[in-house]
Amino acid sequence: QNRKLKIFSAKKITIPDNITFISYDLNSDNLMKILRGNKFDVNCPTLFIAEGLIPYLHSSSISQLFHEIKQCQSIVRFVMDYRFKTFLQNRTGKIIKRWRNKFNNQGENYITFFTMEEAEDLFKNNGFRVYSNINTADIWRKYTKRIPVPNDLLNISAIISGEKQAGH
């Protein structure tokens, strides 16, 4: 989080008072304890963003993350990106080879992969209503009009979002 804050500072980007960057270790820390120690109010509507995180976690850590964020008493929205299982099977794409080499050289190996249906089941089984589940190619088509979609982007990842349902 400190790296992000340094980048914002260097670019003279002001962080609103209602946004807090908190670092914690999913394997050893309790998220709610860390949040409460940073003046987090469990009664306020909250958006949790797990960007570039889920592929590196074992399923038990993902389950623990869902369990902890569901402890909030108010509206909880959750957004995460994930890698497709087909990412493992695509060995020819240039982008995929570059990603694999870069992350493997840094000791950051992907652990967890989902199909789009499995990601939706993960949300639903943890008491979240799915708002959207959109793959990289569809995001590319929607927001980047200047060049065609590279074939490699079709089987890499997606972003899913949802909200905690009442009673969970």
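If the limit is 23 Å between Cα atoms, which of K39/K70; K33/K164; K12/K70; K33/K70; K33/K124; K6/K164 go over it?
Working: K39/K70 18 Å; K33/K164 20 Å; K12/K70 34 Å; K33/K70 13 Å; K33/K124 25 Å; K6/K164 32 Å.
From the list (K39/K70; K33/K164; K12/K70; K33/K70; K33/K124; K6/K164), the Cα-Cα distance tops 23 Å for K12/K70; K33/K124; K6/K164.
Tell me, Kirkwood radius of segment 1-130 from alpha-carbon pair distances, in Å? Could the numbers behind the result be given before it?
Working: mean 1/r = 0.0594 Å⁻¹.
It is 16.8 Å.
Under a 5 Å amide H to amide H cut-off, with H placed in plane at 1.01 Å, what residues pair with T46 once short-range neighbours are removed?
I75, V76, R77
Any read-out appearing in this document is the output of simple, stated calculations on the displayed coordinates, not a laboratory observation. Model, not experiment: these values are computed from the prediction.
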